[in-house]
Amino acid sequence: MIKKINHIGIAVQSLDERIPFYRDVLGLSLTGTETVADQKVRVAMFRVGDVTIELLEPTDPESPIAKFMEKNGEGMHHVSYQVDDLEKQIADVVDKGVRMIDPVPRPGAHGTRIAFLHPKSTGRVLTELTEE
Ligand code: ZN
């Protein structure tokens, strides 16, 4: 079952260039940065109530974030919903006709497990499920 939005992912060319907008202009607190090797990104996290804003900077030209920005430029990348039981939620959406990018969970930032739904099944909104 989906409980809440866990985070919103935003693709950026450079964390150093974009962090000041979120920290200094919006006044959000930077709660940490982390490299997620599996996705070839460096992540900066800002907490807004229950939701985290994640800025995603590619660490490699082969990163999915680098490829996204080749097509779309910087901007909104994905919305992540928090679930209790990731395998169960995947099985449920697949049952309902959704195609998964990740039929099997993979490691996300800060010890989470994640799985992406295919944008063709979601009206082009890249949608992620996160289990904390
Ligand atoms: Zn995410």
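The values are calculated or read from the model by the stated rules, or taken from the named source; none is laboratory data. Owing to the predicted nature of the structure, the values given are computational and were not obtained by experimental measurement. Virtual Cβ from ideal backbone geometry, glycine too; neighbours counted across all protein chains shown.
Brief remarks on what is shown
- Search result, residues across the stretch 104-131 that are assigned to a loop (DSSP other than H, G, I, E, B) and exposed (fewer than 13 other Cβ atoms within 10 Å of the Cβ): Val104, Gly123, Arg124, Val125
- So Val98, is it part of a loop (DSSP other than H, G, I, E, B) and touching a helix residue (DSSP H, G or I) at 6+ places or on another chain (Cβ under 6 Å): yes
- Some residue of the stretch 63-70 being surrounded by fewer than 17 Cβ atoms within 10 Å (Cβ to Cβ) and of a type in the set (A, V, I, L, M): no
- All positions within the stretch 78-119 that are closer than 18 Å to Pro64 by Cα and modelled with pLDDT under 95: Arg106, Pro107, Gly108, Ala109, Pro119
- Search result, residues across the stretch 19-52 that are more than 18 Å from Arg106 (Cβ to Cβ), buried (at least 18 other Cβ atoms within 10 Å of the Cβ), in contact (Cβ under 8 Å) with a residue 40 or more places away in the chain and out of contact with any Ser or Thr (no Cβ under 6 Å at 6 or more places or on another chain): Thr52
- Among the residues of the stretch 23-48, those that are part of a helix (DSSP H, G or I) and away from the ligand (no atom under 16 Å from the Cβ) comprise Arg23, Asp24, Val25.
- Test set (1) more than 13 Å from the chain's Cα centre (by Cα); (2) over 25 Å from Met1 (Cα atoms); (3) hydrophobic (A, V, I, L, M, F, W, C) - Val41 fails condition number: (1)
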